[in-house]
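The values are calculated or read from the model by the stated rules, or taken from the named source; none is laboratory data. This one's a predicted model, so the numbers in the text were calculated from it and none came from an experiment. Every residue, glycine among them, receives a Cβ derived from its backbone with ideal geometry; neighbour counts consider all protein chains shown.
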């Protein structure tokens, strides 16, 4: 592949990572149907390219704030899969000792500021992390993931304003999957073109096909590089799609089954990437199969680990209230 | 011992902690060159620069959220919200994020922020319903937060320094009508521990637990009652959450009578929490049911004539004490 | 099936407190046997069974207040079952009344050593209660100065102070300076009523000194069988015939002068002062009255008054002569309007026709309710009483 692409090793890691996310999310879905996971699981199936594209443009010391649909961000950042599955299974060995669950996962050692299910809540938090980097003179950056739903939240606009006036090293990463629960982006946003939003707040904007991992990677890379050299924030909009409901088990009255299946056929980021890798001769089919297989096995191991882990003790319910 | 105003005490605490720890920085509206709406931060931007004394736009929820993010990445921000009433705009970040991060992420991270807010009414320029509330109960109901309400300059300074050094998020409530109140403040690195009540005046006949401005009213009532032969013990919890129940209970076990008074609206207020704790721990020692006094269940009115009617006064506190003594 | 109900025992009784069950669930009862004891607004009374049967379905526990006419239990015939399950099964352990339980009891008087059943201690603040418990104070003895007579801390402290003061006057002993003597239900009821009487009724007293020579002669003629009490009672009853205004009740402002003359005689019992009644005393001779008195005294000792014995009084007589009391003033027994307090018969100097003689004399004090009587209406009665006694 050409120079503008990452090297083969990285490309294959990205591919494997996308499969890890896919297998993990599908396993979570199965556990949910078996009744082994309580609460809502918001799967990022179909959005793997965004998580992987951005994460692979980050470096140790960078930060990201995640959302309710945050497993993929964390897996892409390299968070231990066993502990992630254990957390989703509400076990003591989970990243959050069973106190957070799927919607409040966190893995600070890999740069996660935490997953915040209140829509938009992570945005100012990411800005705070970025502020610290600026005040301390580091060249580290912060990414804030948010969906099209956050376009309804005032804090997004306050933060675009703040990041812009203070020139904070932030990547505003919008995963526009066109639906906020059951409400379509078209119906709820007067702003149709996020690039214009960026322009209004005096910061650069990039729109990218969110199902093409390398396109995302390039856009994120550009934004992150800008932030690192003190150029301030960038807003990146990734046009993406989720193949499952807002949560596993949602009736999905707001779109047709045909639409979803059509998207699966034509816009699945993993086959798209696979096609690219094969076309460019980066890898052979067999190799890619075994990477996918290895990813599946890692997820199986995580399932086993989580299954065998203990639940937190009731006596510990009062721990961690105060630092 | 030097004497200074409550406002000066807070200013000093900020300055001393910022000198001591480079990770401490301030953010809020008009806190830089303007010196803050009440003048608390006047002079600080000159000493510490605009990076560390940072004026923000009118975006409460976002700059409090930024304080959370800054705290998660190793800093110790002290955010100011201009009036406690406005903190409602930042409610999500204070209550859903700052308070809960340490717990819901299983101890992976801490949020050592302090959110300072002037609150209260009583002879301050008739500020009305959205500039005069007392909000401690909003936050005392949230596990993970600490809520502090000093009544005296020395407590204000000591508690703020301790709050800044505390690794948990602290809501620091300042009574704006006390800003000009003068009192003795110890020199040196004066720290007052959070979660510890203070006996402001010892007495054997009745325990009066009061917060904020009501501490001053209670002390006035105590003077009058002393002339009548009733000696009142005035206790200031200082920290509303976590509450130092033992100091309150120990006092009531000695005096056998309790009057609890706050300026905030009585219904579901901290003062009712104190009463229940006393009932639970001191029932057999009580000579009378605890008397609970709080602000009336009304929004704060604009007119002075109305405003003075809605809050407890020293005479009311004295009357309540007399009732518990069957005098 | 016979319903056992709370009877109306006194005039203004609205409810009674069932003090104790004398027989228990499942006992075979004969008509006339004592079943349960009741405290009325006047005194404690035994209620007898009005039918025979098996006592069943006891519905009222000792200490409970029951309106008159309410069913308290059932007396069943063979094969019947009570309509409700019993809430209480047997007689209580301690009793204020010395009642015999089923078996014959000869003269024995049950000692009132056990504390009477407490129906609920007086209202007191928690700290007052705590101090009382720690210091062994009976709260019923403490006067409350809080709202609605709530006993508060200072009241208990005051009580302790009084006790301390008291004990400092006593010889020093290693034990506590006082012993709490519990009051019986009868004492407490009577105390309450008498206090009310003192508060409500404007008394006045008339005193007379009576030459008892004629009475003494009558007494020795009967072989000392007839007591002075019987003689006084006989004369009082006759005098009341001519002075019906003293043989009356004052009820809600209405003066009811009775045709029957039923004189109550104060008798001291272990359980307290009771006032059993000699009905129709004006129709009885002194020895008949004496029989009635003896009978009542026996009942008093056995603790077995029938309800009729303690009800219906229109006038009361109290004699403390046997205790060598010269004279005293008794408290009118409401709703009655008058009471006669009789002192001892003792030799004293008496002037008769200008001569000083030694005669057996007695001082009597008539106390009367000034709402019903005054000096002018009461004095003639006393004068006639004297006449009757001096001319027996």
### Message
Taking the condition of being modelled with pLDDT of 90 or more and assigned to a loop (DSSP other than H, G, I, E, B), how many residues in region C:124-140 meet it?
### Response
1
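Is it the case, given these coordinates, that residue A:116 is surrounded by fewer than 24 Cβ atoms within 10 Å (Cβ to Cβ) and either touching a strand residue (DSSP E or B) at 6+ places or on another chain (Cβ under 8 Å) or at pLDDT 95 or above (or both)?
Working: surrounded by fewer than 24 Cβ atoms within 10 Å (Cβ to Cβ): no; either touching a strand residue (DSSP E or B) at 6+ places or on another chain (Cβ under 8 Å) or at pLDDT 95 or above (or both): yes.
No.
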### Task
Look through region B:149-184, keep the residues that are assigned to a helix (DSSP H, G or I) and within 14 Å of chain A (Cβ to nearest Cβ), and return whichever of them is nearest to residue B:2 (Cα to Cα).
B:162
### Selection count where residues are modelled with pLDDT under 95, buried (at least 19 other Cβ atoms within 10 Å of the Cβ) and either part of a helix (DSSP H, G or I) or within 14 Å of another protein chain (Cβ to nearest Cβ) (or both), scope region B:286-309
1
### Query
Looking only at region B:25-52, which residues are touching a residue at least 24 places away in the same chain (Cβ under 8 Å), more than 9 Å from chain A (Cβ to nearest Cβ), assigned to a loop (DSSP other than H, G, I, E, B) and at negative phi?
B:29, B:31, B:37, B:38, B:40, B:41, B:42
### Task
Could you name every one of the helices (runs of 4 or more DSSP H) located completely within region A:54-151 that has at least 2 residues being without any contact (Cβ under 8 Å) to a residue 12 or more places away in the chain?
A:122-136
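Which residue is nearest to residue B:85 (Cα to Cα), if the candidates are limited to region B:310-327 and must be part of a loop (DSSP other than H, G, I, E, B) and within 20 Å of the chain's Cα centre (by Cα)?
Narrowing region B:310-327 to residues part of a loop (DSSP other than H, G, I, E, B): B:311-313, B:325-327.
The next check asks that each one be within 20 Å of the chain's Cα centre (by Cα); those that pass are B:311-313.
Details: B:311: 18, B:312: 20, B:313: 23 Å.
Looking at residues that are part of a loop (DSSP other than H, G, I, E, B) and within 20 Å of the chain's Cα centre (by Cα), I get B:311.
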### Query
In region A:301-318, how many are surrounded by 13 or more Cβ atoms within 10 Å (Cβ to Cβ) and free of Cβ contacts under 8 Å to residues at least 40 places away in the same chain?
0
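Name the one entry in A:194, A:151, A:235, A:203 that is more than 14 Å from chain B (Cβ to nearest Cβ), crowded, with 18+ Cβ neighbours inside 10 Å and under 30 Å from residue A:277 (Cα atoms).
Values: A:194 fails: under 30 Å from residue A:277 (Cα atoms); A:151 fails: under 30 Å from residue A:277 (Cα atoms); A:203 fails: under 30 Å from residue A:277 (Cα atoms).
Criteria check complete, one pass: A:235.
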### Summary
Going through region C:142-168 in order, the residues found to be away from every other protein chain (no Cβ under 11 Å), in a helix (DSSP H, G or I) and within 18 Å of residue C:180 (Cβ to Cβ) are C:158, C:159, C:160, C:161, C:162, C:163, C:164, C:165, C:166, C:167
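Considering each residue of region C:312-338, count those that are within 12 Å of residue C:249 (Cα to Cα), free of Cβ contacts under 8 Å to residues at least 60 places away in the same chain and crowded, with 18+ Cβ neighbours inside 10 Å, and give that number.
Our first condition is that a residue be within 12 Å of residue C:249 (Cα to Cα); within region C:312-338, this holds for C:312-316, C:332-338.
Next cut, free of Cβ contacts under 8 Å to residues at least 60 places away in the same chain only: C:312-313, C:316.
Now drop any that are not crowded, with 18+ Cβ neighbours inside 10 Å, which leaves C:313, C:316.
Residues meeting the conditions: 2.
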### Query
From the list B:121, B:128, which one is away from chain A (no Cβ under 14 Å), farther than 22 Å from residue B:13 by Cβ, in contact (Cβ under 8 Å) with a residue 40 or more places away in the chain and more than 18 Å from the chain's Cα centre (by Cα)?
B:128
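May I ask you to verify whether residue B:55 is within 24 Å of residue A:156 (Cα to Cα) and more than 13 Å from every other protein chain (Cβ to nearest Cβ)? Walk me through it before giving the result.
Numbers: within 24 Å of residue A:156 (Cα to Cα): yes; more than 13 Å from every other protein chain (Cβ to nearest Cβ): no.
No: the conditions fail for residue B:55.
Is it the case that region B:76-89 has a residue that's farther than 26 Å from residue B:301 by Cβ, facing chain A (nearest Cβ under 7 Å) and crowded, with 21+ Cβ neighbours inside 10 Å? First the steps, then the outcome.
Of all residues in region B:76-89, those farther than 26 Å from residue B:301 by Cβ come to B:76-80.
Imposing the further condition that a residue be facing chain A (nearest Cβ under 7 Å) reduces the set to none.
No, every residue in region B:76-89 fails to be farther than 26 Å from residue B:301 by Cβ, facing chain A (nearest Cβ under 7 Å) and crowded, with 21+ Cβ neighbours inside 10 Å.
Is it the case that residue A:49 is within 30 Å of residue B:60 (Cβ to Cβ) and modelled with pLDDT of 95 or more?
Details: within 30 Å of residue B:60 (Cβ to Cβ): no; modelled with pLDDT of 95 or more: yes.
No.
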### Query
Looking only at region A:231-254, which residues are modelled with pLDDT of 90 or more, in a loop (DSSP other than H, G, I, E, B) and more than 15 Å from residue A:47 (Cα to Cα)?
A:231, A:232, A:233
